[in-house]
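The values are calculated or read from the model by the stated rules, or taken from the named source; none is laboratory data. This structure is a prediction, so every number in the text was calculated from the model and none was measured. Methodologically, a virtual Cβ is constructed for each residue, glycine included, from the backbone with ideal geometry; neighbour enumeration extends over all protein chains shown. Side chains are part of the model used for accessible areas, which takes the heavy atoms of the whole protein and leaves out ligands, DNA and RNA. Shrake-Rupley method; radii C 1.70, N 1.55, O 1.52, S 1.80 Å.
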Amino acid sequence: MTTPVNVTVTGAAGQIGYALLFRIASGQLLGPDVPVRLRLLEIPQGVKAAEGTAMELDDCAFPLLAGIDIFDDPRRGFDGANIALLVGARPRGPGMERGDLLEANGGIFKPQGEAINAGAAQDVRVLVVGNPANTNALIAQAHAPDVPAERFTAMTRLDHNRALSQLSAKTGAPVGDITGLTIWGNHSATQYPDVFHARVAGRPASELVDEAWLENDFIPTVAKRGAAIIAARGASSAASAANAAVDHVFDWVNGTPAGEWTSVALPSDGSYGVPEGLISSFPARSVGGRWEIVQDLEINAFSRAKIDASVAELVEEREAVKGLGLI
Ligand code: NAX
């Protein structure tokens with residue numbers, strides 16, 4: 001058997017963790033020939049539940065699962081990590097202001113960034129799922145100066161998949177016939193799902209839908225889908241979030257299909273007027289194990305205004321965490 005890949009998952013006892021771990025262990029994260037060793041990181045109160053999940057993982061007898069270890073110390077949890085899925089985060093409680101939320105998450109993502117810096121494998125790739133995902137990724141990255149910044153990403157793949165599904169429903173084309181969609185900006189209600197470069201079975205999506213539908217239906221439906229799931233299910237998205245994390249890492253490691261792109265929140269290099277260093281969602285291709293921002297897409301006035309609004313929110317979040325001394 002080849003050397004197993006170490007996959008650290010934080011928030012392993014949570015609901016996304018429960019949907020995610022079995023897919024990783026079955027080989028869907030990295031491929032059907034790649035053995036994995038799971039390193040589960042929880043807070044002390046979550047360890048017992050994580051042990052229960054580990055028992056169930058054992059009971060699946062996954063041939064690719066080389067072992068499971070459970071930790072409540074980030075230094076140990078990230079030791080040797082090749083892939084780090086940062087799912088656990090502090091949710092917004094009643095009466096909590098944004099500053100309180102950012103501060104509480106700073107208390108999680110700063111030590112996790114330090115632990116990744118101290119002990120993760122040379123090739124570590126980080127995906128932050130826990131909200132506010134973009135800014136949590138920024139905090140972790142700021143505390144891992146020895147890890148290339150580009151290895152820190154945040155998840156907008158669920159938004160991307162939601163946009164694919166909505167456009168498919170509207171046009172009647174299967175999702176597999178849709179290419180060229182992009183989520184821009186923050187994984188929040190200001191995100192901008194952009195169809196202006198999308199093609200549906202080879203035809204420009206903009207010929208099939210009008211601006212009123214984009215403005216009044218598509219964009220708000222995609223951006224508020226998380227709230228709609230909570231209203232319907234009584235709990236936030238879990239299996240779809242786990243699925244998106246699997247898609248993100250699989251593509252990062254194995255490459256995006258030729259000629260296609262997906263959406264990834266990654267450190268800006270200044271492309272499309274997004275201030276350098278902000279972790280913002282872009283159209284991205286994975287080539288040779290690295291994300292590249294798709295260049296030279298024409299941005300119309302409608303898109304420009306929406307990208308700018310979401311990026312402005314990210315700038316505010318960055319200023320807020322700077323003000324709190326978190327970066
Ligand atoms: P749960 O509350 O079910 O689970 C979170 C788990 O994280 C808990 O078991 C908790 O003990 C653990 N945890 C808390 N602090 C930790 C720490 N410092 N180290 C290790 N573990 C820690 O939440 P769940 O539904 O699984 O969601 C997890 C996160 O994903 C939330 O922040 C949520 O907002 C975010 N989401 C992000 C999405 C995205 O597209 N980026 C979509 C889905 C989801 O809303």
Looking at the chain as a GNM with Cα springs under 10 Å, which of 121, 12, 235 has the largest mean-square fluctuation?
235
Between the alpha carbon centres of the stretch 241-293 and the stretch 126-175 the gap in Å comes to 8 Å
Computed over the chain: relative contact order in percent, which uses C-alpha pairs under 8 Å that are six or more apart
17 percent
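Which value, in Å², gives the accessible area per residue of the chain when a 1.4 Å probe is used on the protein heavy atoms? Intermediate values should be presented prior to the final figure.
Working: 13760 Å² over 327 residues.
Solvent-accessible surface per residue comes out at 42 Å².
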Sequence-distant lysines (8 or more away, or on other chains) whose Cα lies within less than 25 Å of residue 170:
224, 306
Mean separation of Cα contacts under 8 Å (at least 6 apart) over the residue count of the stretch 243-327, i.e. the relative contact order in percent, is 23 percent
Looking only at the chain, where both bridge partners belong to it, what percent of the DSSP beta bridges are antiparallel (to the nearest 5)?
45 percent
Inter-centroid distance (Cα atoms) of the stretch 185-231 relative to the stretch 53-116, Å:
31 Å
The farthest towards the positive end of the charge dipole of the stretch 237-297, of the residues 266, 239, 279, given +1 on Cβ of Lys and Arg and -1 on Cβ of Asp and Glu, is 239
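For the chain, what does the helix formula give at 222 nm: sum of -39500 (n - 2.57) over DSSP H segments with n ≥ 4, over the residue count, nearest 500 deg cm²/dmol? Could you put the intermediate results ahead of the total?
Working: 10 runs with 129 residues, N = 327.
After summing the helix terms and dividing by residue count, I get -12500 deg cm²/dmol.
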Two-site label geometry, residue 168 and residue 73: point separation in nm, points 7 Å out along Cα→Cβ:
4.6 nm
For the stretch 38-179, what relative contact order do you get, as a whole percent, if you take Cα pairs closer than 8 Å and at least 6 residues apart?
21 percent
To the nearest 0.05, what FRET efficiency results for residue 300 and residue 49 with a Förster distance of 41 Å applied to their C-beta separation?
0.25
With +1 at each Lys and Arg Cβ and -1 at each Asp and Glu Cβ, the charge dipole magnitude of the stretch 199-327 around its Cα centre, to the nearest 20 debye, comes out at 420 debye
Separation of the residue 92 and residue 34 label points, Cα + 7 Å toward Cβ, nm:
3.4 nm
What spacing in nm lies between the two simple spin-label points modelled at residue 319 and residue 212, each 7 Å away from Cα in the Cβ direction?
3.8 nm
For residue 312 and residue 224 in one chain, what is 0.36 nm times their gap in residues minus the Cα-Cα distance, to one decimal in nm?
29.8 nm
GNM flexibility winner over the chain from 306, 110, 170 (Cα, springs under 10 Å):
170
Excluding residues fewer than 8 positions from residue 110 in its own chain, the lysines with Cα under 26 Å of it are 48, 322
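At a 1.4 Å probe radius, carbon and sulfur cover how many percent of the accessible area of the stretch 245-327?
49 percent
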